[in-house]
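*Asks:* Would you mind keeping the following structure in view while I ask a few things?
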């Protein structure tokens with residue numbers, strides 16, 4: 001009975017006690033992932049990392065192991081802060097904050113040091129610091145501690161340095177911050193605050209030094225290098241005497257913008273501020289106006305922007321600024337109002353800004369069946385500025401482009417005249433028309449995109465593209481997937497740098513899983529550049545683990561590609577060599593111009609190889625890209641040497657402004673519904689060379705002999721009769737070709753060169769089919785046959801914008817291998833009048849020596 005009385009008393013006490021929740025610390029696992037990992041484009045957490053979460057903030061510190069990398073360019077992050085954002089408005093955009101970036105590295109987790117007085121109820125994690133190779137820190141021991149408490153708006157980062165040597169030690173503490181691309185940076189000396197701000201993705205970060213009497217300074221790093229923050233006492237140098245210790249405290253604040261950031265820092269520092277409320281409307285009915293969401297509001301003092309922020313759905317942004325005179329600048333969709341000057345004193349102030357009204361364009365884009373379809377709409381102002389909805393990293397609105405996953409759209413524009421281009425890749429006609437947009441009015445745009453090009457038996461593929469998880473860009477992965485959907489790419493393996501990854505979640509978000517065929521994959525990106533870059537797909541994806549379960553790089557390209565090819569126990573996969581230096585691979589390892597073994601062992605494991613740009617197929621050996629020479633010519637030389645490595649073209653897109661679609665591969669497939677297609681079937685077709693490369697024109701090539709018809713990548717025996725070649729080219733209404741050239745064994749045959757001006761009977765001016773003919777091939781020896789369709793003097797044009805749109809339309813088939821004597825195809829060894837550093841006894845190594853070789 002006594003035990004029951006005690007239990008009841010305890011329960012009553014718990015019931016009556018006020019609720020209090022302390023901040024939490026966790027080692028990330030599958031079970032606690034959703035509770036601790038924040039949302040945001042730049043989240044890099046994996047299992048085993050440390051999470052700290054309070055009622056206001058959430059932070060992730062990487063596990064302190066030497067192999068912990070966030071991505072391709074944010075490396076060795078063990079013990080560093082890799083994710084930080086607010087709980088109520090999560091948008092992690094931080095790549096990394098390295099504690100004591102250059103001189104130290106975190107070696108392992110540590111007990112909380114006694115020198116760092118803990119905050120009651122706070123979550124915390126400490127790491128031991130080890131001096132780097134270049135650090136002068138003899139006898140110095142250091143521990144960094146991260147601490148997060150309820151009720152505060154910052155993550156505390158404190159480092160204790162102990163001098164266990166016999167000499168004084170001069171200390172210049174330094175942190176490094178990676179916050180890339182769209183971020184702006186600044187130093188607010190009055191608040192002793194360094195800040196960075198990504199305006200579009202609504203995330204700002206601030207760092208203050210909280211050690212009394214210390215100040216912060218900043219030095220901008222090189223591209224993809226940390227921004228260097230240094231801390232010093234105002235009185236001079238920091239010197240730690242033998243046997244003594246020193247604590248340096250920094251506070252790291254996340255906020256949605258710099259207006260909010262300044263307010264939170266000022267509140268923490270007890271600084272005097274004035275509350276300001278800015279309301280932005282567009283003057284429409286009712287009389288007090290319709291709120292303007294997302295208007296950029298800047299506070300300017302002494303000619304410089306002090307802070308900025310975006311209005312919410314109610315058209316409101318709030319600030320707390322030091323007293324003084326400010327000019328307020330408001331911008332939204334090309335509208336600007338900058339005539340509001342305000343003297344801030346002690347009393348709260350408010351400001352209402354009325355911008356000129358805009359108009360809207362809404363509608364739905366459908367296919368021939370009336371179903372809404374993914375597409376891209378480009379808006380070009382005619383006497384009015386182009387809209388700019390977002391940066392190159394955005395999802396739907398990227399500069400003057402609007403991407404839709406279901407055909408529906410609703411966009412605001414300045415009043416005026418616009419040219420609108422609605423497109424869905426080169427299998428569809430584009431709609432190009434002029435529209436008027438009036439203030440306070442809605443213009444309807446409902447259009448049908450006709451699939452004019454018949455690609456039965458082939459699906460389109462993009463096999464090399466990137467987004468923010470790769471680490472060398474900040475483009476939204478959702479935006480990448482929407483790019484691919486809008487341009488009607490049908491096979492889209494995920495190929496981020498240095499990690500196995502997947503597009504599945506993005507496709508679910510857009511309800512587009514039945515529109516494409518996809519699989520997991522990666523680009524393994526090693527050095528030397530650019531040779532040692534290879535893609536592979538499919539691969540086994542191990543989400544939320546280092547590298548997604550993928551392999552690591554190796555400085556020897558032959559070792560690296562073998563590692564990749566044999567990954568997952570030698571599973572069946574496509575291994576693709578990216579942007580190769582073919583001459584170096586074949587026979588000039590050190591690029592000294594002298595023949596050697598090169599890196600030709602790579603071809604034991606390579607299935608396919610990028611060979612773009614296509615328009616260099618008729619050019620000399622040095623007319624290529626990036627010092628790599630002419631990959632198209634080198635590829636045809638390889639074919640003549642006996643290599644059978646199919647050629648591919650890919651965009652290698654890193655951003656979302658016309659990122660995907662302007663290069664593609666058509667791959668043979670037994671079904672035209674990508675949702676019903678087999679990844680392995682498409683991969684085997686790629687390995688077999690059943691591919692046509694294009695930036696727009698759809699090229700069909702078939703060779704027939706003795707009643708057998710074959711296509712690109714196939715072999716054909718033609719002993720008793722001349723083989724015939726059937727060529728057909730289709731184009732949508734926005735591009736055209738005027739030349740078709742047949743290439744035999746890498747040489748353009750003058751008699752098989754067809755021009756619209758000279759061979760009008762083979763060309764057509766209307767409809768999708770622009771060229772069609774059947775011809776005899778005058779073969780005296782075995783030959784590989786490549787066909788090129790191109791539009792000399794033409795451009796892809798407005799559908800692909802100014803840069804990519806300037807390209808000449810062109811398509812190139814992979815070769816058909818024709819054996820004229822029945823003895824098996826024999827390569828002729830012709831180097832096409834272009835020197836190639838190969839040894840006299842050079843013998844080709846053949847691709848795809850995998851366990852599951854299927855050829």
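What follows draws every value from the coordinates through simple rules; no lab data is involved. These figures come from a predicted structure and were not determined experimentally. Heads up, the Cβs are rebuilt from the backbone with ideal geometry, glycines too, and the neighbour counts pull from every protein chain shown.
*Asks:* Indicate the gyration tensor shape class of segment 404-477 (rounded, prolate or oblate), computed on the Cα atoms with a ≥ b ≥ c the square roots of the eigenvalues: a/c under 1.5 is rounded; otherwise a/b larger than b/c is prolate and the rest oblate.
*Replies:* Working: a/c = 3.05, a/b = 1.33, b/c = 2.30.
Cα axes put segment 404-477 in the oblate bin.
*Asks:* Distance from a point 7 Å along Cα→Cβ of residue 367 to each backbone N in segment 499-530: keep the residues under 18 Å and list them by number.
*Replies:* Residues 507-508, 510-518 fall inside that zone.
*Asks:* While we're looking at this one, here's another question. Give the separation of the Cα centroids, segment 748-778 to segment 68-106, in Å.
*Replies:* Between the Cα centres of segment 748-778 and segment 68-106 lies a distance of 58 Å.
*Asks:* When all alpha-carbon pairs of segment 470-694 are counted, what percent fall beyond 26 Å?
*Replies:* Distances greater than 26 Å cover 35 percent of the Cα pairs.
*Asks:* For segment 636-714, compute Rh as the Kirkwood radius over C-alpha pairs and then the Stokes-Einstein diffusion coefficient at 10 °C and 1.306 mPa s; write the answer in µm²/s, rounded to an integer.
*Replies:* D = 109 µm²/s.
*Asks:* Given all pairs of different Cα atoms, what value in angstroms does the Kirkwood hydrodynamic radius of segment 451-582 take?
*Replies:* Evaluated over segment 451-582, this radius sits at 15.4 Å.
*Asks:* Based on the alpha-carbon set only, what is the convex hull volume of the chain divided per residue, in Å³?
*Replies:* Cα convex hull per residue, to the nearest whole number: 225 Å³.
*Asks:* Quick one: length gained pulling residue 514 to residue 27 fully straight, 0.36 nm per residue minus the C-alpha distance?
*Replies:* Gain on stretching residue 514 to residue 27: 171.6 nm.
*Asks:* Be a star and scan segment 51-75 for residues whose amide nitrogen sits under 17 Å from the point 7 Å along the Cα-to-Cβ vector of residue 107.
*Replies:* 64-68
*Asks:* Here is a further query. List 61, 240, 617 from most exposed to least, where exposure is judged by having the fewest other Cβ atoms within 10 Å.
*Replies:* 240, 617, 61
*Asks:* To continue, here is another question. For segment 703-855, just the Cα set please: Rg and Dmax, both in angstrom.
*Replies:* Cα radius of gyration and Dmax of segment 703-855 are 18.2, 52 Å respectively.
*Asks:* Between residue 722 and residue 709, what length comes free when the chain is fully extended (0.36 nm per residue of separation minus the Cα-Cα distance, one decimal in nm)?
*Replies:* Length gained between residue 722 and residue 709: 3.4 nm.
*Asks:* What's the ranking of 211-219, 155-163, 815-823 by average number of surrounding C-beta atoms within 10 Å, highest first?
*Replies:* 155-163, 815-823, 211-219
*Asks:* Further question: In nanometres, what is the gap between the two model label sites at residue 215 and residue 757, each 7 Å from Cα along Cα-to-Cβ?
*Replies:* Here the answer is 7.2 nm between the modelled labels.
*Asks:* Going by Cα centres, segment 162-199 and segment 18-66 are how many Å apart?
*Replies:* 24 Å
*Asks:* Over what distance in Å are the Cα centres of segment 640-710 and segment 297-323 separated?
*Replies:* 52 Å
*Asks:* Let me ask something else. Please state, rounded to one decimal and in Å, the Kirkwood hydrodynamic radius that segment 643-786 gives when every pair of distinct Cα atoms enters the mean of 1/r. Spell out each step's value before the answer.
*Replies:* Values: mean 1/r = 0.0587 Å⁻¹.
It is 17.0 Å.
*Asks:* What angle, in degrees between 0 and 90 and rounded to the nearest 10, separates the Cα long axis of helix 2-16 from the longest principal axis of the Cα atoms of the chain?
*Replies:* So the helix axis and the longest Cα principal axis differ by about 80 degrees.
*Asks:* Still on this structure, I have one more. On a 0 to 90 degree scale, rounded to 10, what angle separates helix 258-269 from the longest Cα axis of the chain?
*Replies:* Taking Cα atoms only, the helix is inclined about 30 degrees.
*Asks:* Let me ask something else about it. Can you give me the relative contact order of segment 272-346 as a percent, contacts being Cα pairs under 8 Å and 6 or more apart?
*Replies:* Dividing the mean separation by the residue count of segment 272-346 yields 32 percent.
*Asks:* Okay, moving on. Using Cβ contacts closer than 10 Å as the measure, can you line up 488, 612, 684 from fewest to most?
*Replies:* Least to most surrounded, the residues fall as 684, 612, 488.
*Asks:* Hey, another quick one. Once you sort the root eigenvalues of the Cα gyration tensor of segment 50-130 as a ≥ b ≥ c, which label holds: rounded (a/c under 1.5), prolate (a/b larger than b/c) or oblate (the other case)?
*Replies:* oblate
*Asks:* How far apart, in nanometres, would the label points at residue 327 and residue 88 be if each is projected 7 angstrom from Cα along the Cα-to-Cβ direction?
*Replies:* According to this spin-label approximation, the distance is 3.3 nm.
*Asks:* With a cut-off of 8 Å between alpha carbons and a minimum separation of six or more residues, what is the relative contact order of the chain in percent?
*Replies:* 7 percent
*Asks:* On to the next question. Would you mind getting me the FRET efficiency between residue 556 and residue 840? Use the beta-carbon distance for r and R0 = 30 Å, nearest 0.05.
*Replies:* 0.75
*Asks:* Hey, any idea what the orientation-averaged projected area of the convex hull of segment 272-346's Cα atoms comes to, in nm²?
*Replies:* Quarter of the Cα hull surface area: 5.2 nm².
*Asks:* To continue, here is another question. Taking Cα pairs under 8 Å and at least six residues apart, what relative contact order does segment 697-826 come out at, in percent?
*Replies:* Across segment 697-826, relative contact order equals 32 percent.
*Asks:* While we're looking at this one, here's another question. Can you sort 164, 111 by how many other beta carbons sit within 10 Å, fewest first?
*Replies:* Working: 164 12, 111 9.
Placing the least packed residue first, the sequence is 111, 164.
*Asks:* If you average 1/r over all unlike Cα pairs in segment 317-432 and invert the result, what Kirkwood radius do you get in angstrom? Working shown, then result.
*Replies:* Numbers: mean 1/r = 0.0588 Å⁻¹.
That comes to 17.0 Å for segment 317-432.
*Asks:* I need the shape label for segment 597-680. Rule: rounded when a/c is under 1.5, else prolate if a/b > b/c, else oblate, with a, b, c from the alpha carbon gyration tensor.
*Replies:* Note, shape of segment 597-680 comes out oblate.
*Asks:* While we're here: For helix 631-641, report the angle its Cα long axis makes with the longest principal axis of the Cα atoms of the chain; keep it between 0 and 90° and round to the nearest 10°.
*Replies:* The answer is roughly 50 degrees.
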